[in-house]
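Any read-out appearing in this document is the output of simple, stated calculations on the displayed coordinates, not a laboratory observation. Please read all numbers here as calculations on a predicted model, not as lab measurements. Glycine also receives a Cβ, built like all others from the backbone with ideal geometry; neighbour counts cover every protein chain displayed.
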Amino acid sequence: MNELIRATYMAWFVQRAGFGDAPVELFKAAECIAEVMLLKAHDSGQQEGWSLDEDSVSTFTTLLALHDAQLRTAPLHHFEKAERLLLAFLRGTERSPIPEPPD
């Protein structure tokens with residue numbers, strides 16, 4: 001799950017640099033799925049062996065396809081900047097680097 005959310009955040013930062021046009025709702029959905037899965041794992045004491053439902057898999061499949069396209073098209077310096085932004089977020093206190101979708 002950590003790698004899926006990492007890919008989600010990297011895709012978000014690279015998209016903000018101009019590589020992609022996925023709706024913010026897709027990124028927020030992935031973030032929510034990850035939070036719920038980690039809470040379920042924590043509450044159950046289960047650290048492995050959990051799985052995603054079909055809708056969750058679809059969300060991450062879409063995001064990973066975006067990230068794959070970004071890897072093919074975006075220059076390296078955009079990924080380096082995205083990595084710096086991700087590390088800054090992880091060191092910070094913000095709940096999410098992704099803004100809430102507009103109403």
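Listed values for the stretch 77-83 are Karplus-derived 3J(HN,Hα) couplings in whole Hz (6.51 cos²θ - 1.76 cosθ + 1.60, θ = phi - 60°), namely 4, 5, 6, 5, 5, 4, 4, and x replaces Gly and Pro. The HN-Hα couplings worked out from phi for the stretch 54-59 by the Karplus form 6.51 cos²θ - 1.76 cosθ + 1.60 (θ = phi - 60°) are 4, 5, 5, 4, 4, 4 Hz, whole numbers, x standing for Gly and Pro. Think of the chain as having a plus end and a minus end, set by charges on the Cβ of Lys, Arg, Asp and Glu; of LEU87, GLY20, LEU66, LEU87 sits farthest toward the positive end of this dipole. Taken along its principal axes, the alpha carbon cloud of the stretch 25-90 reaches lengths of 42, 27, 22 Å, longest axis first. What the phi angles of the stretch 18-29 give under the Karplus curve with 6.51, -1.76 and 1.60, with θ = phi - 60°, is a coupling list of x, 10, x, 9, 5, x, 4, 4, 5, 5, 5, 4 Hz, glycine and proline written as x. Taking Cα centre as origin and charging only the Cβ of basic (Lys, Arg, +1) and acidic (Asp, Glu, -1) residues, the dipole magnitude of the chain rounds to 500 debye.
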